[in-house]
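Below you'll find the structure, written out as structure tokens, and then a few comments.
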Amino acid sequence: MADALPPSGGDEVVVPPVRVLEPLSGQGRALGVVALGGAVGALARYGVGLLLPHSPGTFPLATFGINVVGGFLIGALIVVITEWMQAHPLVRPFLVTGILGGFTTFSTYAVDSEQLLAAGHVGTALLYIAGTLLAAVAATWLGIVIARAVRPAGTR
């Protein structure tokens, strides 16, 4: 790359080597717990989908419920982990990023929405799109509020 630069009056241009993986240095344990948690969360989501299947053109209740429950748990856990206690540094990556990140799903939400629209179920699609977004955000806020309200005495 330095060869492509024009000469600059004798000044030498030093191009540092590219270290793509450098930000991951020392993150092996965190990556491991996120991967393990993600597998657990994805399996749980898959199980809920099997328990609550939906027919094409109908409201995807399983995905809706997963995202709302997951949002609530994320809100509550963040409060517990950051405000109630001094949690181990791997607790948050495992529980929140891993398990709940694997459990909640934007991709299935997007696919379900597209399939409803493609099938001409515009009303159901709009209800699902707006309802999921509003309910998941409200559930996350509610998780935060409830966790703070029930905080045991003597915690941080």
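Bear in mind these aren't lab numbers, they're just calculated from the coordinates by the rules spelled out. Because the structure is a prediction, the values reported are computed rather than measured. Note that each Cβ is placed from the backbone with ideal geometry, even for glycine, and that neighbours are counted across all protein chains shown.
Brief remarks on what is shown
- nm² value of the averaged projected area, convex hull over the Cα atoms of region 44-156: 7.3 nm²
- Relative to the Cα centre, the charge distribution of the chain, modelled as +1 at Lys and Arg Cβ and -1 at Asp and Glu Cβ, gives a dipole magnitude of about 820 debye.
- Across the chain, the mean sequence separation of Cα contacts (distance under 8 Å, 6 or more residues apart), normalised by length, yields a relative contact order of 33 percent.
- Listing Trp141, Trp84 from fewest to most neighbouring C-beta atoms within 10 Å gives Trp141, Trp84.
- Packing-based order for 26-36, 145-155, 107-117, using average beta carbon neighbours within 10 Å, highest first: 107-117, 26-36, 145-155
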